[in-house]
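Read the figures in this text as sums done on the coordinates, not as results from a lab. Just so you know, these numbers come straight off a predicted model, no measurement behind them. Note that each Cβ is placed from the backbone with ideal geometry, even for glycine, and that neighbours are counted across all protein chains shown.
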Amino acid sequence: MKNSKIALIIILAILLIVLVIAGYKIKPQNNKDNNLISNKPTQMNLVITSPYFKDWERIPPQFTCDGADVFPDLAIKNLPAETKALAISVEDPDAPFKTFIHLVSIIPFATNQITQQTLDQSILGLNDFWTLGRRGPCPPPGDKPHRYFFKVWALGNIPMLQSGFDYEQFVSTINSSEILNQGQLIWTYSRTNK
């Protein structure tokens, strides 16, 4: 009986190690320092604002897993006139193990307003919840506040991605696109132990 318990513990430990390693291979470490993706020399003066919070403020719970988890309306200033599409992502560099992707999307038209309706008209990629579209902040209870980087790239072309693309395809597409301008809005969120 004792030997079977030890064997079970060893098997579970090996399985856990394999899952962690597989998780790194499936979703590789990305952009931990949270610079914008492209190394191309471009402007970085898109101004992204929300009526619900300011840059570096705590996002209200209605936009997280503790509330209705709805998308906060956002406005973009300094969008170049020649913009044909927007690439957007929401990333949590404070998640355990790796930067956690909450949203990757290509909006195949120029707009200075990003709302849930805008996202519904976009080409959605897979987030790290393994779903299409956006999921809001949901850090482990008791963690220090996590930072969420909402990044926007104004593109001079419309990327040819199909729904369901992953983060690596997103990065590759942006790096091969004509980036006209870029910017980001950062919000924070934490959850208490219940």
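Hey, which of these cross-link pairs are over 24 Å Cα-Cα: Lys54/Lys84; Lys77/Lys98; Lys54/Lys77; Lys5/Lys98; Lys54/Lys98?
Lys54/Lys84; Lys77/Lys98; Lys5/Lys98; Lys54/Lys98
With a Förster radius of 25 Å applied to the beta-carbon distance between Phe109 and Glu168, the computed FRET efficiency rounds to 0.55.
Taking the Cβ of Phe71 as the centre, find all other residues whose Cβ is under 14 Å away and add up their charges (Lys, Arg: +1; Asp, Glu: -1).
Values: positive: Arg134, Arg135; negative: Asp69, Asp73, Asp120.
The answer is -1.
Starting from the Cα-Cα distance between Asp66 and Asn3, subtract it from 0.36 nm times their residue separation and give me the gain in nm to one decimal.
Result: 18.3 nm gained on full extension.
With a simple spin-label model that places each label point 7 Å from the Cα along the Cα-to-Cβ direction, the separation between Lys54 and Asn193 comes to 3.3 nm.
By how many nm would the segment from Glu82 to Val47 grow when fully extended, if each residue of separation counts as 0.36 nm and the alpha-carbon distance is taken off?
Stretched out fully, the Glu82 to Val47 stretch lengthens by 10.9 nm.
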